[in-house]
Structures are given as structure tokens and as C-alpha cells.
Number of protein chains: 2
Amino acid sequence: MAKSDKKKSALSENEGIKEPKALSSVSAKAIKSRRQKQPSVNDLVNGITSSNITSLSRAITLIESTNSAHTKKANAIITACLPYANNSVRIGITGVPGVGKSTFIEALGKHLTSQNKKVAVLAVDPSSSLSRGSILGDKTRMEDLVKNPHAFIRPSPSGDSLGGVARKTRETIILCEAAGFDTILIETVGVGQSETAVHSMVDFFLLLKLAGAGDELQGIKRGIIEMADAIVINKADGENIKAAKSAKLEFNRALHLYPEKESGWTPKTTLCSALKNEGISEVWKMISDYISKAKSTNYFENHRMEQNKFWLLQTIEERLKSNFYNRKDIKTELQKQIALIEEGKTTPFNAAEYLLGI
Amino acid sequence: MAKSDKKKSALSENEGIKEPKALSSVSAKAIKSRRQKQPSVNDLVNGITSSNITSLSRAITLIESTNSAHTKKANAIITACLPYANNSVRIGITGVPGVGKSTFIEALGKHLTSQNKKVAVLAVDPSSSLSRGSILGDKTRMEDLVKNPHAFIRPSPSGDSLGGVARKTRETIILCEAAGFDTILIETVGVGQSETAVHSMVDFFLLLKLAGAGDELQGIKRGIIEMADAIVINKADGENIKAAKSAKLEFNRALHLYPEKESGWTPKTTLCSALKNEGISEVWKMISDYISKAKSTNYFENHRMEQNKFWLLQTIEERLKSNFYNRKDIKTELQKQIALIEEGKTTPFNAAEYLLGI
């Protein structure tokens, strides 16, 4: 104190600490080198087609990204992978929460890998972005399958629209196939519109049910029964067996009431207990029968082509609509026209013509 | 010959007959006077709202015309009639050919007119333009109803698209209601997409069936059973009664499998013999029960508003699509993109983006 006081006046200034550089040259080098390590499109395509899981995961992350540079890169990877895709069986699995989808998928997945199949498990769950949690998000629910080197599990991509989530999943299927996965299981919850999207991207659509008292279809959206190629009644064990058998009869009767499917396939009802690993090989036998039959009639290939056209037109039409309804002037005028219709001052047709003419 | 030869050289010309005037003044006057006799918008609106059937028919003809001046006039009439519309019960009736729709409608119509109801019978049949003949076209199939002053029967408008036919029918409903018809029966054949359109313009949707051996739903499109508020099994007489009763049980079981309707109504199955006039008053009682219930919960009004919004959005979206797909450049490029997808050179999503960017 005494020392410094000598040299200081009220006007003297301390030098203070030196402001650090905005970026240290050490950090800059580290970031640069990390950037250079980001694999190229070619690296990722080579990795995927040599069944490298890290490359596959990284490419899927690019598909899921909202960054436009990532999307561009993802598109290049998908296009390069297209010639290696398509060689798989794609199976959709739906059912309300609690029906045992994860247990069923784990049991089916283990059965398939034991037969030297390579199994990819994906999910379509548009609600995952609404913080309600993604199905398959908790990989610990499929403990054994997660550890299996012949299985690849990826939770549902998040997205604010079903269309966006569906697109990402369809593109992920292509990459998984290019990586050599020959069986793709796609899980969805049977309570929204997502099963229609999943139905349009799979070869076989399976509805998982429980035997229960009363209305067997409670909680299942209209039209799902019609889409199903099979109804599998899970938890058919112990005291449940009797109820499961009578549910099977009832479903068979309901399925019988629908007109024949385009595929020529008569939907089947079977019982299983995923927990006790009972009836799983029968489910797979049924799916295999379907695939052989569909391939022998060329329905399999034709159906995939129809699905491609469906997604082409679907994407176009979704965009035409969103481009129109998102216009600021249309938003305002649409509300005005709806009010006029409600007041009985115009018809829906005249209102539509007015809006289209703006 | 000898006479004329004297005056003629090789260069002489005959005068020939005089070309008649393009339009004789007499015809011109007649057409003008006929044109002047065409009733004005006001005349027709006044006629319709005073229940004048000639005015109603003439206005419907304007709705059905493809002449743009007629369409403009029709729109003015419809707008003026809107405040007088809406006070009716609209009932959709579907069933495959041969099920006895005309006989059923005649029996129901006679029952209603005997109760001082005024009944309009319309039809939606987009196939009528393809020279397959319009349903209701042959009015002689409803001999008694045709003669009844409290009934108005109009065959399906022709049109090259379901959207066009549906629009014309919906507009015709408005005029019929303004003319005092309190019960609108709309017939359609249960084999195409037209019943979805009819379902979206009625308060109550009735599926007419026959008891028969084997698959009860044969020939009925997927989803129709789900839309039905009632299944009426016709021709339940004589030797058919036993089969009809067992069909009733089967349908009840099938209906039971569907989730509850938004209206809160549980669809009913009943028997009738339209030919013998049996069970018709029971059908009407059921419909009346439905209407009272739907009105007491406000579902009736809300549902009609929803239908209006449906038609507004439907019309907009149909037009957005047709505007896009009818573009000459899009037609060409769409085929090219589909070919690229089939060759595995692009994805449906990239193809869609390319087309939208043209």
C-alpha cells in the first residue's frame, strides 16, 4: 500500500487486464481440423454401402437436420444410395400404447437376427416434437436388440408435421437398405393419422391388439382394421388365453366382412405372447407367406411403385395447399368467407371461387 | 334447249339464285321476343319462394347449364334463395343396383307426403354423362310419386366430374328448400366415390341392402358401412324373411365393431319390404328420432356448418390441383419424373420439389 501510493495520483490509471483474443489460434485450429474431419458425401455413401453403422447414423442425422446445407448433402447421399436400396421387406407395426409394441418388436427382431436377417427398427411418431416423448426413444425397452450387431434401432425423427416425419423416415429406409438391412420394422401408434402414412411405406401392415372385455376396437381409429394385413393378439398367455381365442374369432368375423384386398391376400388373425416368446415364429411365417405370394404375382413390385407415385403426388399436393393457405391475404379472406357462409350470405362454391381469384 | 341456246355464248353467265339473308327479320323478332320472355333472376326467385315448380325447374336448368351467362344467373338466384334455405331434413340413400332404391324411395316418399311433408328427390350419379343412363332418369319407375303435387323428382345432373355433379346437386338442394320442400332424398349408387360426396351433403345416410347368401357386403365399397347411420334390409318378405333376420344380426355385429360416431348415434339395422309397403313407417320413425336427438345436442347445425367448410376447402383444393396438373409443362415433366423414379434415379420427394420449382 505504502509503495504504490507513492507513484499514484488521483488521475493515474491502472493498465487493467488485457482483453483476450476473440478466438485463440489453438481453438481455431481444433475447430478447423474437426470440420475437415466431417465426412464427405462420398465417404458416407462408401461407409453406408459397406454396412458401416457410424456412417449410416451420421447420414440419418443429416436427413433429420433442418439446416439447408445438411438437407442438400442428405439428398446427394440418398440419390447415390438409391441403386443399393429396395432389397428388403418393410413391415409396419401399429397398436395403441400398452399393447406391447416394444416387447413384440424385440421378440420379432431377435427371431429374425437368429435367422441371419439384418433388422432395422424405425418409428413414425409426429407427436414426438410436442415433448410427449418419442416412441422407441427409450432404447432400454429393447435391451437385447440394442446390443445385437445385426440390429439397428433409430427413434422417430422429430418434426412439426406428419408429412415431414414421414419423408424423413422414408429416406431413412433407403439408407438402411443400402447399408444391407433386409428387414425394416416401422413402429407407429395406432391413434392418429400416422398409421396411414406408415401403411403407405410398407409391404405388410400388422395391427397389434389385446384381448379384452367389451369393445375390441376401442381406441383404434376408423379404417385401421381395413388396412391391416394381419391382426396379432398379443399377451395371449396364462389366464388371457381364453379371451384371446374368442377375440380371434371376433376379429376373423370382422375381417371377413371387408371386400377382398387388391393384393389378393386374406388378412389373418393370430395369437402370440411376445413376453414369453410364443407365436413369434408363426407371425414371421405368415409374413413370409405373404411376401412370397405378393412377389410371385408381381404385386410386391407394383405396389412399391404405386407407393412411390402416391408419395410424389402427396408431396406435391401438400405443398400446393400449404403455399395457398399460408398466404397472408388468403388467411384473412378465408376467415371472412367462412363468416359469410355461416351467416347464409354465400355458398361454399362461390366463396372458393372468390378466394382462388384473389 | 333450242330457245336458250340462241342467247347463250360460252362466256355468258346465269344470274343464279340470290343468297338468302343470314337471318330473316321475322326469325330475328321471334328469337328476340323469346329472349325477352326468359324470366329474370327476380322472377325466378319470386317463383321459387312461392313454391312455383316451373320456376324451380327452370332455375335448376340454369344450374346444370355449362353456359357461363347461365351460371352467373344461377349464382344470383342461389344467393337470393339462401335466406329461405336450410329448413329441411336431408337424407342420403345408397345401395347397389337391384337393391330396390326406386321402390324404396317411392314408398318412403308416399309415406312422407301422406304426412303433409313436401318431398324432393334428387340423385348424384357422375356416370350418367357416360351414356350409362342416369339413375332416376326413368321417372316411370316412381309412377305414383311423380303424379303427387307434394313431390318433386329431378334426375342426376350430368357432368364430367364428381365434383361438378356434387356441386350442382348441393345448389339444387338450396333451391328445393327455398321452394318449401322440407324433406330432401338424395339417391346414389353404392359402387363408386359418389356416396362419399352424398354423405357430405346429408344429415342422415341410409344404406339399402338385400339379405343374401354369402358375403353380405359384396359389391359395396370399403368405408360405406362406416358412413351409414342405418342399414335397411329391403325385400324382407315371403321366403326372404328368415335370411333378412339373420342378415340383420350379422350387420348389427359388424356395426358394433366400429367406434362411436361423432353424432353419438348408434347406427341401426332394420327390415322392410318397399314393394309391400312394410317397415317404411319404422324407417321414418328411426330417422325422426335421429334428427330430434341431433337437434337437441346442436350436432345437427354444427354438422351442417362442418359440411359447408368441407365443401369450401374441397373446392379450393380440387381447383389448386387441377390448375397444377393441367399445366402443359407439368404434364410433360411429371411423366419424365415418374420414369426417373421407376428407374431408381430420384426419390418421390426430390421429384416433387423439382416439379413445384418449374
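The values are calculated or read from the model by the stated rules, or taken from the named source; none is laboratory data. What you are looking at is a predicted structure, and each value in this text was computed from that prediction instead of being measured. Please note: Cβ atoms are built from the backbone with ideal geometry, for glycine as well, and neighbour counts cover all protein chains shown. These area figures cover heavy atoms from the full protein model, side chains too; ligands, DNA and RNA do not enter into them. Shrake-Rupley method; radii C 1.70, N 1.55, O 1.52, S 1.80 Å.
For segment B:85-296, what is the accessible area per residue in Å², given a 1.4 Å probe and the full set of protein chains?
The answer is 40 Å² per residue.
How large is Rg over Rh for segment B:38-83, taking Rg from the Cα atoms and Rh as the Kirkwood inverse mean of 1/r across Cα pairs?
Rounded to two decimals, Rg/Rh equals 0.93.
Can you pull the Rg over Rh of segment B:85-296, Cα-only, Kirkwood?
0.94
What is the packing order of peptides B:343-351, A:245-253, taking the mean over residues of other C-beta atoms within 10 Å and listing the highest first?
Per-residue Cβ counts within 10 Å, averaged per peptide and sorted highest first, yield B:343-351, A:245-253.
For B:Ser322, which inter-copy label distances result when the label point lies 7 Å beyond Cα on the Cα-to-Cβ vector, reported in nm to one decimal and in ascending order?
2.6
Ignore the peptide's own chain and count Cβ atoms of other chains within 10 Å of each Cβ in A:253-265; give me the average, rounded.
Mean shielding count: 3.
Give the average, rounded to an integer, of partner chain Cβ atoms located within 10 angstrom of each Cβ in B:306-316.
6
As an exercise, use a Förster radius of 22 Å and the Cβ-Cβ distance of A:His111 and A:Arg304 to find the FRET efficiency, rounded to the nearest 0.05.
Efficiency, from the Cβ-Cβ distance: 0.35.
Once the dipole of segment B:191-343 is set up with Lys and Arg at +1 and Asp and Glu at -1 on Cβ about the Cα centre, which of B:Pro259, B:Ile330, B:Asn302 lies farthest towards its positive end?
B:Asn302
Would you mind listing the distances between the B:Asp182 label point and the same position in each other copy? Use 7 Å along Cα-to-C-beta, nm, one decimal, shortest first.
Listed shortest first, these distances are 7.2 nm.
Send over the Kirkwood Rh of segment B:292-350, from the inverse of the averaged 1/r over different Cα pairs, rounded to one decimal Å.
14.9
Sorted from shortest, what are the nm distances separating the label point of A:Asn42 from equivalent points in the other copies, each placed 7 Å from Cα along Cα to C-beta?
A:Asn42 label point versus its equivalents elsewhere: 8.2 nm.
State, in square angstrom and to the nearest 100, the accessible area buried between chains B and A, both chains counted, probe radius 1.4 Å.
Chains B and A together bury approximately 5200 Å².
For chains A and B related by rotation, which residue of A has the Cβ nearest the axis, and what is the rounded distance in Å?
Chain A residue with minimal Cβ-axis distance: A:Leu320, 2.
Ignoring everything but the protein chains, give the 1.4 Å probe accessible area of A:His199 in square angstrom, nearest 10.
About 60 Å², ignoring ligands and nucleic acids.
Within the set B:Lys268/B:Lys309; B:Lys72/B:Lys309; A:Lys101/A:Lys147; A:Lys285/B:Lys268, which residue pairs have Cα atoms separated by over 30 Å?
Going by Cα-Cα distance, A:Lys285/B:Lys268 fall outside the 30 Å limit.
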